[in-house]
Amino acid sequence: MATLKQISAAIFLAGLCSSLNAGAQSQSAETVKPAINTSIYNTAIGLRAGETSGLTFRHFVNKGRAFEGIVGIWPNAFGLTALYEKHARAFNMEGLNWYYGGGGHATFASQRTYYWYRYGDHYFYSYRADGSMALGFDGILGLEYKIKAIPFAISLDMKPFIDINASSGLYYSLDPGLGFKFVF
């Protein structure tokens, strides 16, 4: 299971790096810089805190449309989420945007459990390991504010999802989150 996690993470990071490299080659080095004194940006890298907590990467493919990837990290699992999002100005305020969209995810879990029990005067220690994989559908609805004077954006969103896995069947959650991103 650990090998599957490492391979999946390597594939995700390789794709992420190749898309960044392709975008960087199409622009001169002078145009790739932090988004300071503007409320518009092309790419963001940051952290998301919520049920799906982890690293997030967003890239706009054209005005108002973006792809976002989230590498979720939990104590015994990790997940890869891909989202397609539409962005629109919120409340006619510069730098404040609604975003909504959908996508999917894959989650890889390792249920490594150490436990002990007592039988009479003796204590027994045991170890149990099993793993599972889940696939699911995600939606997203959020509000993001790009701070004009510095290259940071703050977001608050709801990312409901449905998981289908072999070990426990169906799982769903609203998954609210708070994000902090460096933008350029």
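Derivation of every value follows stated rules applied to the coordinates shown; laboratory data play no part. Just so you know, these numbers come straight off a predicted model, no measurement behind them. Quick reminder, even Gly has a Cβ in these numbers, built from the backbone with ideal geometry, and neighbours come from all protein chains shown.
At a glance:
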{"read-out": "Ranking of His105, His87 by count of other Cβ atoms within 10 Å, fewest first", "value": "His87, His105"}
{"read-out": "Two-site label geometry, Tyr84 and Leu156: point separation in nm, points 7 Å out along Cα→Cβ", "value": "2.9 nm"}
{"read-out": "Partners for Lys146 among lysines (Cα-Cα distance below 23 Å; same-chain residues under 8 apart left out)", "value": "Lys33, Lys63, Lys86, Lys159, Lys181"}
{"read-out": "Proxy reagent accessibility, fewest Cβ within 10 Å first, across Leu83, Leu143", "value": "Leu143, Leu83"}
{"read-out": "Efficiency of FRET between Phe91 and Tyr171 - r from beta-carbon atoms, R0 30 angstrom, step 0.05", "value": "0.30"}
{"read-out": "For the stretch 77-84, 3J(HN,Hα) per residue [Karplus equation, 6.51 cos²θ - 1.76 cosθ + 1.60, θ = phi - 60°, Hz, x = Gly/Pro]", "value": "7, 8, x, 10, 10, 10, 10, 10"}
